[in-house]
Every structure is written in C-alpha cells, then in structure tokens.
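**Student:** Sharing a structure, written as structure tokens. Questions coming.
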Amino acid sequence: MTLQEIPSQSFRERSIPVLETARLVLRAPRLGDAKTVASLANDRRIAENTARIPHPYRLADAEDFIATANLGGEAVFLIALRNGAVIGACGFTQVDRHPPEIGYWLGVKHWGKGYATEAVRAMIDHAFTDLDCEALQSSARVTNPASRRVLEKCGFQWTGAGLLRIRAISSSAPIDRFRLDRGLWASLKSWGNAKRVA
Ligand SMILES: CC(C)(COP(=O)(O)OP(=O)(O)OC[C@H]1O[C@@H](n2cnc3c(N)ncnc32)[C@H](O)[C@@H]1OP(=O)(O)O)[C@@H](O)C(=O)NCCC(=O)NCCS
C-alpha cells in the first residue's frame, strides 16, 4: 500500500520519528517548545511565504500549532540543531489521495546556512524509505527564490503555476508547483561521484 492510499488519519497512528542529519535533529513538537516557536515564527517574512502561518504570530498560535500537530493528515517536525536549539519547523500535509505536500520554515537568523535543504532532504528520505511514498509535492511563491532553490537542490521538478491562499496577506498569491517522484529520488541517491583513478 502506498502512502497515497492510506487514509489521512494514518499520520496520527504512526509515531513521528526522530530524524537526524549531520547538523540537525527533526522531532515532533512538544508543548514546552511553544515560546521558542512563537519567537521564531513571529516574522512577516516567514508568514507571507507560507500558507497557514498568521502574522503577528503569538504564543497562543504556537500552542495551538503544537496541540494540533500530528493529529491527522500531516506529519509535523521541529527542526533543531544538534545541541537541541529549535530553529524552525517542517512537515508533510496530505490531502485526499494527492502526494504529500512538503512545507518548511526557519527563523530568519538561521537562513542562508543550508539548514532548510538539509532538513528537507531528511524528510524526503524518510518519505520514500519509511513511508513508501511514490511522490512528493511542494510549492513556492514566485517571489521566493530561496524556497524554490531549496526544492531544486532536493531534486524537485517544476510542474506548473498556480495560486495559493496565504493567510498572512488574506489573499491568494502566484506560486510555482514542484514534484519529486520516487524514481528520480532513487536515481539521485545512487548517483555517486566519479572517482579519479589515474
Ligand atoms: C525558504 C527558507 C526555508 C530557506 O532556508 P535556508 O536554510 O536559508 O535555505 P538553504 O540555505 O538550504 O538554501 C537556500 C538557497 O537559496 C539561495 N537563495 C537565497 N536567497 C536567494 C535569492 N534572493 N535569490 C536566489 N537564490 C537565493 C541560497 O543561495 C541557497 O542556494 P545555494 O545553496 O545554491 O547557494 C527560508 O528562507 C524561510 O524560512 N523562508 C520563509 C518561509 C518559507 O519561504 N518557506 C518555504 C515555503 S513552504
């Protein structure tokens, strides 16, 4: 059975794993993270590039986000450094039988260090290795080249344009849509560098 065939409440039934990368730990949010999440997410540059994050983003928003995370149709991780400091969040959302949609954000002071790419790659590997996904999708506002670049670095392919409702601007905005199929992911994973032998 593929993830697309699993009813949406199945994320609730699965325990959210801890995913480790060279510099990061991805783990389920806990209520004690609310203050940190609120201070990281309370930035218009984050809200305006994500569908659901409000602005301003208050402690109550973080508490609500954490209390309702992983209750169905989604898998939500906080992104932390190896020393435990939380720097952002990421996850999959699944609607109906469409491929799970990946989303992510980082506190602004953590931008530009490759953390988003590292976190998204960990989620991708988890989706294809542990969850038997056949494909993943994502999107980025056309005004958000950093997010587009993260997706491209992770192997996502552009599939078309669209509109997405952005809560923080109370409006819809143009987006580019992207998709990563299992076959391309497997190919990228197996593509080792050529070694010079002479
Ligand atoms: C998008 C976001 C997660 C990127 O995080 P990050 O850790 O800085 O990303 P990375 O460092 O892994 O990669 C960013 C890439 O974009 C590039 N980039 C950044 N700003 C850019 C710009 N204005 N134009 C072109 N490329 C840009 C970087 O150079 C880097 O590419 P490189 O490694 O080839 O040099 C972060 O900016 C963010 O949280 N934004 C707000 C929320 C958001 O947009 N979420 C995504 C929507 S789902």
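The values are calculated or read from the model by the stated rules, or taken from the named source; none is laboratory data. Please read all numbers here as calculations on a predicted model, not as lab measurements. Glycine also receives a Cβ, built like all others from the backbone with ideal geometry; neighbour counts cover every protein chain displayed.
**Student:** Here are Val120, Val142: which of them is of a type in the set (A, V, I, L, M, F, W, C) and under 15 Å from Ala51 (Cα atoms)?
**Tutor:** Criteria check complete, one pass: Val142.
**Student:** Same structure again: Quick test for you: out of Arg177, Arg141, Arg148, pick the one residue that is of a type in the set (Lys, Arg), within 15 Å of the ligand (Cβ to nearest atom), in contact (Cβ under 8 Å) with a residue 60 or more places away in the chain and closer than 24 Å to Glu74 by Cα.
**Tutor:** Being of a type in the set (Lys, Arg), within 15 Å of the ligand (Cβ to nearest atom), in contact (Cβ under 8 Å) with a residue 60 or more places away in the chain and closer than 24 Å to Glu74 by Cα holds for just one of Arg177, Arg141, Arg148, which is Arg141.
**Student:** Tell me, which residue of the range 10-22 that is part of a loop (DSSP other than H, G, I, E, B) and in contact with a helix residue (DSSP H, G or I) (Cβ under 9 Å, 6 or more places away or on another chain) is modelled with the lowest pLDDT?
**Tutor:** Pro17
**Student:** Scan the range 23-31 and give yes if some residue there is within 16 Å of the ligand (Cβ to nearest atom), outside any strand (DSSP E or B) and not acidic (Asp, Glu), otherwise no.
**Tutor:** Yes, because at least one residue in the range 23-31 is within 16 Å of the ligand (Cβ to nearest atom), outside any strand (DSSP E or B) and not acidic (Asp, Glu).
**Student:** Out of Ala60, Ala51, which single residue is of a type in the set (A, V, I, L, M), more than 16 Å from the ligand (Cβ to nearest atom), over 25 Å from Glu20 (Cβ atoms) and not in a strand (DSSP E or B)? Walk me through how you get there before you give the answer.
**Tutor:** Working: Ala51 fails: more than 16 Å from the ligand (Cβ to nearest atom).
It is Ala60.
**Student:** A follow-up question, please. Given the criteria closer than 20 Å to Ser147 by Cα and more than 9 Å from the ligand (Cβ to nearest atom), does Gly114 qualify?
**Tutor:** no
**Student:** Further question: Exactly one condition in (1) modelled with pLDDT of 95 or more; (2) out of contact with any helix residue (DSSP H, G or I) (no Cβ under 6 Å at 6 or more places or on another chain); (3) more than 25 Å from Arg27 (Cβ to Cβ) is not met by Glu134; state its number.
**Tutor:** (2)
**Student:** What number of residues within the range 69-95 are hydrophobic (A, V, I, L, M, F, W, C), within 18 Å of Ala127 (Cβ to Cβ) and surrounded by 13 or more Cβ atoms within 10 Å (Cβ to Cβ)? Before the answer, list the steps.
**Tutor:** Initially, the range 69-95 is screened for residues hydrophobic (A, V, I, L, M, F, W, C), giving 69, 71, 75-81, 85-87, 89-90, 92, 95.
Next cut, within 18 Å of Ala127 (Cβ to Cβ) only: 69, 75-79, 89-90, 92, 95.
Imposing the further condition that a residue be surrounded by 13 or more Cβ atoms within 10 Å (Cβ to Cβ) reduces the set to 69, 75-79, 89-90, 92.
Qualifying residue count, the range 69-95: 9.
**Student:** Look at the range 32-48 and say how many of its residues are in a loop (DSSP other than H, G, I, E, B) and within 12 Å of the ligand (Cβ to nearest atom).
**Tutor:** Selection size over the range 32-48: 2.
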